[in-house]
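Asks: I am attaching a structure below and will ask some questions about it afterwards.
Derivation of every value follows stated rules applied to the coordinates shown; laboratory data play no part. No experiment lies behind these values; they were computed from the predicted model shown. We place every Cβ from the backbone using ideal geometry, glycine too, and count neighbours over all the protein chains shown.
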Amino acid sequence: MNELQALDAFASLSQETRLRIVRLLVKAGPEGMPAGAVGDAMGASSSKISFHLSHLERSGLIQSRREARSIIYSAVYPALSGLIEFLMKDCCQGRCDPVEKNCADTCTD
């Protein structure tokens, strides 16, 4: 992930509803959720949810697919991992895996 992609992703996540949607879709797993279920979970109208889903999809953090009459949204795990790696890539001068929870312990050794 380059700096411009990271800026776009962070801009998308800086809005409360969009951050909540991404977290919801991460919890939903690779199978994702129908747009209507996302809207119900967020307690927002379909037009507002559609706006937020489109914004997140343009930033590459989520993706959609059609199943019969539904549009299913799911998190793009490589993009989310890439965002974390972008933030942590220089952690500990490369001595740790930035996704590991014990990274801070490695840095203090």
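Asks: Ordered by packing density, taken as the mean number of other Cβ atoms within 10 Å over each peptide's residues, highest first, how do 35-41, 24-30 rank?
Replies: Averaged packing, sorted descending, gives the order 35-41, 24-30.
Asks: Just to confirm a number: summing +1 for Lys and Arg and -1 for Asp and Glu over residues other than MET1 whose beta-carbon lies under 13 angstrom from that of MET1, what do you get?
Replies: -2
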